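Nothing in this text is a laboratory measurement; each read-out follows from the coordinates by a stated rule. Computed from a predicted model, the values in this text were never measured in an experiment. All Cβ positions, even for glycine, are placed from backbone atoms using ideal geometry, and neighbour counts span all protein chains on display.
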Amino acid sequence: MTYADFEVAVEHLKQVDYPIEVASEQAWPHFRGWRVNYEQVAYALAYAIDAPPALWSGDRRFPSEPMPPSRPSNRTASGVTADDPQMLRRGRGHSRGGREQR
């Protein structure tokens with residue numbers, strides 16, 4: 001991954017209001033230091049399972065163009081408001097353990 005790729009990734013984070021603690025120039029050496037620990041393993045895994053060709057994730061078995069991340073502009077279902085106290089109680093009638101609630 002190049003520094004230019006890193007800057008693009010940081011811009012993606014900024015666009016979704018992710019809190020950025022240090023400038024890209026300061027973060028880059030630390031990022032590279034950590035990424036070197038897992039980069040080859042991550043590339044090999046993505047290749048082995050034939051993962052979709054995401055940016056910054058290595059080559060794939062078949063030639064393909066990397067896909068940049070995309071984010072839907074609105075993920076709220078129509079007619080639902082976030083301040084609806086019943087919203088959390090609605091569901092499929094199952095608890096976390098997978099058993100039906102009564």
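Values computed for the structure shown
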read-out: Radius of gyration and Dmax over the Cα atoms of the range 1-69, both given in Å; value: 13.4, 38
read-out: Order of ASP17, ASP50 - criterion: other Cβ atoms within 10 Å of each residue's Cβ, fewest first; value: ASP17, ASP50
read-out: Long-range HN-HN contacts of ALA54 with modeled amide H, under 5 Å; value: MET67
read-out: Neighbourhood charge, 14 Å Cβ-Cβ cut-off, centred on TYR3 and excluding it, Lys, Arg +1 and Asp, Glu -1; value: -2
read-out: Virtual spin-label span in nm between ARG35 and LYS14, 7 Å along Cα→Cβ; value: 1.7
